[in-house]
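The values are calculated or read from the model by the stated rules, or taken from the named source; none is laboratory data. Here the structure is a predicted model, which means the values were calculated and not measured. Every residue, glycine among them, receives a Cβ derived from its backbone with ideal geometry; neighbour counts consider all protein chains shown. Protein only, heavy atoms only, side chains kept; ligands, DNA and RNA dropped before computing areas. Shrake-Rupley method; radii C 1.70, N 1.55, O 1.52, S 1.80 Å.
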Amino acid sequence: METTLPLTVQGLGCRRGQSLVLRDVSFSVTPGHALILRGPNGAGKTTLLRTLAGLTPSQGGTISLPFDAIAYGAHADGLKLQLTVRENLSFWASAFGSGTSGVEQATATFDLAPLLDRRAADLSAGQRRRAGLARMVLTDRPVWLLDEPTVSLDTQRVDAFAATMRAHLAAGGIALLATHIDLGLDAKTLDIAQFAAATRAPTDPVTDPFAEAVE
């Protein structure tokens, strides 16, 4: 699933727990392009990505594309540890409707064939990261939001991931990445420190179940 529409964000406010972290976030990314998010730890990169993915309620503003056009790859790999890699991929393929062909594509893309019958709990950190990233292919969604996607990957796997990103963009996809690694992508950067909120904002007194304590 690809889109001919840009991802346009206007006046977005983002909060972490009860605190407003970012205000008036505005940018646009057209199909076939990536945007790299920059900023010091705690600046709100993760918070912005979670807000764009619909996991944390926004504090005003607009996002041009619906949440079902967006796939989010978080710090955590999103694996059921007691399931095998094959079972994890099959679960995601069923959830996103990508079927057997999707599993085969994800397996090939991230070189998971030797790991398919191993439990996720028995994988190394780098192997878990590869299995977790495979979910992005299975979603068949045009917008990928990725939070430090190369953590635990060796140089060879980083290069393979970068190739996957280029293929996604070449097919008309969009990507936002919070990363300090140069992936060799033709991408603009956005320093989110410029959107730092100077004041606290009133929020819903009900605790946000998706809020994260730190970025």
- For residue 10 and residue 189 in the same chain, what is the full-extension length gain: residue separation times 0.36 nm, less their Cα-Cα distance, in nm? 62.7 nm
- Rounded to the nearest 10 degrees, the helix 85-96 long axis (Cα) sits at an angle to the longest Cα principal axis of the chain of 50
- Query: For the stretch 71-80, in order, what is each residue's ³J(HN,Hα) by Karplus, 6.51 cos²θ - 1.76 cosθ + 1.60 with θ = phi - 60°, in whole Hz (x at glycine and Pro)?
  - Reply: 10, 10, x, 8, 4, 6, 7, x, 9, 7
- Roughly what angle does helix 125-139 make with the longest principal axis of the chain, taking Cα atoms, 0 to 90 degrees, to the nearest 10? 80
- Note on the structure: Note to self: with every protein chain in place and a 1.4 Å probe, the chain gives an accessible area per residue in Å² of 47
- Query: Which is the longest stretch in the chain that no exposed loop site breaks, taking sites as trypsin sites (Lys or Arg not before Pro) with a DSSP loop state and at most 13 other Cβ atoms within 10 Å?
  - Reply: 81-199
- Query: Which residues' amide hydrogens lie under 5 Å from the amide hydrogen of residue 38, considering only partners 5 or more residues apart or on another chain, with H built in the peptide plane?
  - Reply: 190, 191, 192
- Using the Kirkwood radius built from alpha carbon pairs, what does the Stokes-Einstein equation give as D for the stretch 101-157 at 10 °C and 1.306 mPa s, in µm² per second? 133
- Quick one: length gained pulling residue 62 to residue 119 fully straight, 0.36 nm per residue minus the C-alpha distance? 16.4 nm
- All other residues with a Cβ under 15 Å from the Cβ of residue 62 taken together, and with Lys, Arg as +1 and Asp, Glu as -1, what is their net charge? 0
- Using only the Cα atoms of the chain, each taken as one equal point scatterer with no solvent, compute I(q) by the Debye sum, divide by I(0), and report log10 of the ratio at q = 0.11, 0.14 Å⁻¹. -0.53, -0.85
- Task: Can you figure out the FRET efficiency of residue 158 with residue 105, using R₀ = 30 Å and their beta-carbon distance, to the nearest 0.05?
- Result: 0.90
- Note on the structure: Note on the chain, DSSP bridge orientation, antiparallel percent to nearest 5 equals 40
